[in-house]
1. Suppose the chain between Gln187 and Thr51 were pulled fully straight at 0.36 nm per residue; how much longer would it get relative to their current alpha carbon spacing?
2. Out of Val286, Val204, Val41, any idea which swings most in a Gaussian network model of the chain, alpha carbons joined below 10 Å?
3. In this model, which of Lys66/Lys200; Lys150/Lys226; Lys14/Lys152; Lys22/Lys75; Lys67/Lys316; Lys22/Lys226 are farther than 25 Å apart at the alpha-carbon?
4. Considering only protein heavy atoms, with the full assembly of protein chains and a 1.4 angstrom probe, order Met163, Met131 by accessible area, largest first.
5. Mind running the shape call on region 6-128? Use the C-alpha gyration tensor, a ≥ b ≥ c as the square roots of the eigenvalues: rounded below 1.5 for a/c, prolate if a/b tops b/c, oblate otherwise.
6. Can you tell me the Rg and the Dmax, both Å, for the Cα atoms in region 195-239?
7. Given R₀ = 30 Å, what would the calculated FRET efficiency be for Ile238 paired with Tyr352, taking r from the Cβ atoms and rounding to 0.05?
8. Tell me the mean residue ellipticity at 222 nm calculated for the chain from its helices only (DSSP H runs of n ≥ 4, each -39500 (n - 2.57), averaged over every residue, nearest 500).
Amino acid sequence: MHNENKVPLIRLAKRDMMEPWKVWCIRLASIVLALLLGGLVMAIALPDGATPIDGYATIITGALGKKTAIRQTVKLAVPLLGCALAIAPCFKMRFWNIGAEGQITAGAIAASYFALYWVGKVPSAVLLLIMGLAGAVAGGIWALIPAFFKAKWNTNETLFTLMMNYIIIGVVRWLQGGPWEGRPGSQIIPQFDRAATLPKVLGVHCGWIIVLILVVFMHVYMNHTKHGYEIAVIGDSINTARYAGMNVGHVMMRTMFLSGAISGLVGFIVASGANTTLYDGVAAGVGFTSITVAWLSQLNAFAMIVISMMLAIISKGAETLQTRLAVPASISDIITGILLFCMLGCEFFINYRLIFRSSKTEKEAAKE
């Protein structure tokens, strides 16, 4: 009886709404802690005479110091932002779509088909529209498959979407060494014709304009439409949604199709704008990194712009850090990991509090 009533040493409790200034103090503290820990890592890895301040300055100048660097940073941020927008409605609905990597790849495959075989048949502008539409439809269909199984037989969407990533990547590898191989034995798909590549605006392919339009669209969709309301209700309670007369399975499939369509559009942007070809690493891990972007932004479409740019700055700046100060490439991954860990950790302390067992409580429990 004594053991049954013993109070745990540490308990978790959900916090009430915290004052905004306290929330920002916790977030600021997490960033400072991340910089200190990252600085410690750099102090170990940097050559003699270089300080962590030099390392951070190199990262910033490497990502934002020149026009060419800024353009490269924006190129890295575009797919991150687009993919985070794609998975946000799924996560709000608590449908764990881990398949954005595959949905990007599916969209890139569909867009690449028209880039390789339709050049000259239609004007460039029309071809690009067809490629974008094909990418969106292919990504949406690829996402709809696990959604259908979830709605019909309540399968595990996390495993289903994750496994589908590897299937579609395998399809690209088959295309590289088979039907779409440019030169026998090369395992390389030919570069797209200029007519099938996205035009540049301010030195960067116009995909950045597309994703900014998507930011506004997704903000309105998730916060000011009936569909967004249904997503929020299902995320809070499936039983409540069913009691209210919502067709949960239909909403799941509709939302996943939208998510996959946006991911597929990102695949088109990456293939046609950044790479101008297709290869098995076209998604480049964006589908997984964007999960972190979505969570850190609290599924806020506009906050995703800031988080995406921040990660792009670290990624681009780390390349300069490696070349200028001869730091191992893995250091950038370590610094990024520390930053993300601290920022995610701060969200934990914003939403939950730790309650430690007091000596008085322990004595009272012992008496019982």
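The values are calculated or read from the model by the stated rules, or taken from the named source; none is laboratory data. Bear in mind that the values here come from a model prediction, so they are computed numbers and not experimental data. Neighbour counts run over all protein chains shown; Cβ positions are idealised from the backbone, glycine included. We work out accessible area using only protein heavy atoms, side chains counted, and drop any ligands, DNA or RNA first. Shrake-Rupley method; radii C 1.70, N 1.55, O 1.52, S 1.80 Å.
1. So the chain would gain 44.6 nm between Gln187 and Thr51.
2. Comparing Val286, Val204, Val41 in the GNM, the peak value goes to Val41.
3. Lys14/Lys152; Lys22/Lys75; Lys22/Lys226
4. If we order Met163, Met131 from most to least accessible, we get Met163, Met131.
5. On the way: a/c = 2.80, a/b = 1.38, b/c = 2.03.
Oblate is the answer for region 6-128, as a/c is 1.5 or above yet b/c matches or exceeds a/b.
6. Cα only, region 195-239: 16.4, 51 Å (Rg, Dmax).
7. 0.80
8. Computed ellipticity for the chain at 222 nm equals -23500 deg cm²/dmol.
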